[in-house]
Amino acid sequence: MRLARRVVDKDRESVLDEFEDLIVAIARKRDRAAFRALFDHFAPRLKTFFMRGGLDPAAAEEIVQETMVKVWRKADQFDPAKAKASTWIFSIGRNLRVDFLRKEKRPQPDFNDPMFVPDPEPDGFEVLSVAQEADLVREAFDALPPDQKAVMTLAFYEEKPHSEIASELGLPLGTVKSRIRLAFQRIRSGLGESV
Amino acid sequence: MSIDHHPSEERLLDYVSGGLGESWSLAVATHLALCPKCRNTVARLEAMGGGMMDAAEPATLADNSFDALWARLESEEDEADSMPAIAGHAGKIDLPEPLRSYVGGSVDALPWQNMGLGVRQLLIPTADQSTARLLCVAAGRPVPEHTHRGEEVTLVLQGAFRDSTGIYAAGDFQEADETVLHQPHAEKDRDCICLAVTDAPLKFRNLAFRLVQPFIGI
Ligand SMILES: [Zn+2]
Ligand SMILES: [Zn+2]
């Protein structure tokens, strides 16, 4: 069981490495084949993601298209040292969904701003790569107890504050908050941090 | 800068999922510009969101979805991919992005509105229902004692203030709600500038201040 899973994970990792390379190829060479491969993997998954959040297929398709347009145009801003392809594409899609549903901007910090406070130097050993850390986060997430997992999943799909998710689930807000906090603790301990 | 007070994890989750309104996101994002620790949490949450999206069952796309997209990219290619150069930073910069894009310029150049009692404010236009404002409280002066009808978050940008819950200096992020009665005091050495977000008017203890409240919009 454990062995089989590791093989699958390894396969997956080799595939995922390629996605980062595809974005880099788009940035450097405006590579249509790379863009097509990226589209074929992510566009159908983005569509499901948006539809689970309650969008109808046509609206979901529209935001998928907008997301992939941004992927093409902003490929030169993608930094494989800072994010996995899936993380980066998720964040682009999330911003477009906020804009589509609420006509709001979604403010973000600017790494080039002179007042931006940079990360401290890593303290030496045991620095995980972005991909390693993302995999550990995902493993810890998969291992969450069902009630915590349900709250976290809804939070991502629904594009609503957790207070609204609480009423949707018919749960007191305090319960939702404590599930979120417990989930955070487990994910931290999954990353080998004290909680 | 050592930051002692951070947004709650639930608020960071709402920021990452896109569920947090623009005013609150402005406060969180400006804190993130100053706080590597919370940026790290946000990066993990985004990785989680990306993992969830990546693990979703693929849906069927509309016919010719890619071709339509490609045709669009080709027709728009000219205006497309060159990024605008980052604007030169003329003059003094003392507010971080993304806040600076909302109010423009440095603190001294802002069109402050004087509210009396040593407090100046600047309303910040946002598209959600909540209210974001910059507050400048003169050194050593208090903000009149108040409770809250809803939530309030305060991000300190310059100087520091103190209330019954602690001391808040540049970068610190305070969260308050209906249960909190406080009277923040600016520390004596310097005016205190904060970004404050509220979803309902504050409730002041002082009757005189309650009477002028409708006119100053706090
Ligand atoms: Zn922080
Ligand atoms: Zn208050």
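The values are calculated or read from the model by the stated rules, or taken from the named source; none is laboratory data. Here the structure is a predicted model, which means the values were calculated and not measured. Ideal geometry is used to build each Cβ from the backbone, glycine not excepted, and the neighbour counts take in all protein chains shown.
So for the range B:187-196 (the condition being more than 24 Å from B:Ala29 (Cβ to Cβ), more than 14 Å from the chain's Cα centre (by Cα) and either at pLDDT below 90 or of a type in the set (Phe, Trp, Tyr) (or both)), does at least one residue qualify?
Scanning the range B:187-196 turns up no residue that is more than 24 Å from B:Ala29 (Cβ to Cβ), more than 14 Å from the chain's Cα centre (by Cα) and either at pLDDT below 90 or of a type in the set (Phe, Trp, Tyr) (or both).
Which number in (1) within 14 Å of chain A (Cβ to nearest Cβ); (2) touching a helix residue (DSSP H, G or I) at 6+ places or on another chain (Cβ under 9 Å); (3) away from ligand 1 (no atom under 16 Å from the Cβ) marks the one condition that B:Ala170 misses?
(3)
I'd like the full set of residues that are surrounded by fewer than 20 Cβ atoms within 10 Å (Cβ to Cβ) and under 14 Å from A:Lys74 (Cα atoms), limited to the range A:21-33. Give the derivation first.
Start the filter on the range A:21-33 by keeping residues that are surrounded by fewer than 20 Cβ atoms within 10 Å (Cβ to Cβ), which leaves A:21, A:24-25, A:27-33.
If the condition is that a residue be surrounded by fewer than 20 Cβ atoms within 10 Å (Cβ to Cβ) and under 14 Å from A:Lys74 (Cα atoms), then A:Val24, A:Ala25, A:Ala27, A:Arg28, A:Lys29, A:Arg30, A:Asp31 are the ones that fit.
Might you check whether a residue that is crowded, with 16+ Cβ neighbours inside 10 Å and either in contact with a Ser or Thr (Cβ under 7 Å, 6 or more places away or on another chain) or charged (D, E, K, R) (or both) occurs anywhere in the range A:141-148? Walk me through how you get there before you give the answer.
We begin by selecting, within the range A:141-148, every residue crowded, with 16+ Cβ neighbours inside 10 Å; these are A:141, A:144, A:148.
Restricting the remaining residues to those that are either in contact with a Ser or Thr (Cβ under 7 Å, 6 or more places away or on another chain) or charged (D, E, K, R) (or both) gives none.
Scanning the range A:141-148 turns up no residue that is crowded, with 16+ Cβ neighbours inside 10 Å and either in contact with a Ser or Thr (Cβ under 7 Å, 6 or more places away or on another chain) or charged (D, E, K, R) (or both).
Out of the residues in the range B:152-164 that are surrounded by 18 or more Cβ atoms within 10 Å (Cβ to Cβ) and within 12 Å of ligand 2 (Cβ to nearest atom), which is farthest from the chain's Cα centre (by Cα)?
Checked the range B:152-164; the qualifying residue farthest from the chain's Cα centre (by Cα) is B:Asp163.
Of a type in the set (Ser, Thr, Tyr), part of a strand (DSSP E or B) and buried (at least 16 other Cβ atoms within 10 Å of the Cβ), is that true of B:Thr147?
Yes, satisfied.
Here are some conditions: (1) over 18 Å from the mean Cα position of the chain (by Cα); (2) in a loop (DSSP other than H, G, I, E, B); (3) within 16 Å of ligand 2 (Cβ to nearest atom); (4) farther than 30 Å from B:Pro36 by Cα. B:Gly116 meets all but one. Which one does it not meet?
(3)
Go through (1) within 14 Å of chain A (Cβ to nearest Cβ); (2) in contact with a Phe, Trp or Tyr (Cβ under 9 Å, 6 or more places away or on another chain); (3) more than 16 Å from ligand 1 (Cβ to nearest atom); (4) more than 14 Å from B:Val197 (Cβ to Cβ) for B:Ser106 and report which single condition fails.
Condition (2) is where B:Ser106 drops out.
Can B:Thr179 be described as at pLDDT 95 or above, in a loop (DSSP other than H, G, I, E, B) and away from ligand 1 (no atom under 16 Å from the Cβ)?
Spelling it out, it is not the case that B:Thr179 is at pLDDT 95 or above, in a loop (DSSP other than H, G, I, E, B) and away from ligand 1 (no atom under 16 Å from the Cβ).
Return only the number of the condition from (1) assigned to a loop (DSSP other than H, G, I, E, B); (2) within 16 Å of B:Val28 (Cβ to Cβ) that B:Ala139 does not satisfy.
Checking B:Ala139 against (1) assigned to a loop (DSSP other than H, G, I, E, B); (2) within 16 Å of B:Val28 (Cβ to Cβ), the one that fails is (2).
Can you tell me how many residues within the range B:140-166 are over 17 Å from B:Pro96 (Cα atoms), within 16 Å of ligand 1 (Cβ to nearest atom) and within 14 Å of another protein chain (Cβ to nearest Cβ)?
Residues in the range B:140-166 being over 17 Å from B:Pro96 (Cα atoms), within 16 Å of ligand 1 (Cβ to nearest atom) and within 14 Å of another protein chain (Cβ to nearest Cβ): 1 in total.
Check every one of the helices (runs of 4 or more DSSP H) wholly within the range B:1-74 and list those with 2 or more residues that are under 23 Å from A:Ala131 (Cβ atoms) and more than 16 Å from ligand 1 (Cβ to nearest atom).
B:36-54
Exactly one of (1) within 10 Å of chain A (Cβ to nearest Cβ); (2) within 30 Å of A:Asp40 (Cβ to Cβ); (3) modelled with pLDDT of 90 or more is unmet by B:Glu76. Its number?
Of the numbered conditions (1) within 10 Å of chain A (Cβ to nearest Cβ); (2) within 30 Å of A:Asp40 (Cβ to Cβ); (3) modelled with pLDDT of 90 or more, the odd one out for B:Glu76 is (3).
What number goes with the only condition from (1) more than 7 Å from chain B (Cβ to nearest Cβ); (2) at negative phi that A:Gly170 does not pass?
Just one mismatch for A:Gly170, condition (2).
Looking only at the range A:52-78, which residues are closer than 10 Å to B:Leu69 by Cβ and facing another protein chain (nearest Cβ under 9 Å)?
Selection gives A:Val64, A:Gln65, A:Met68, A:Val69, A:Trp72.
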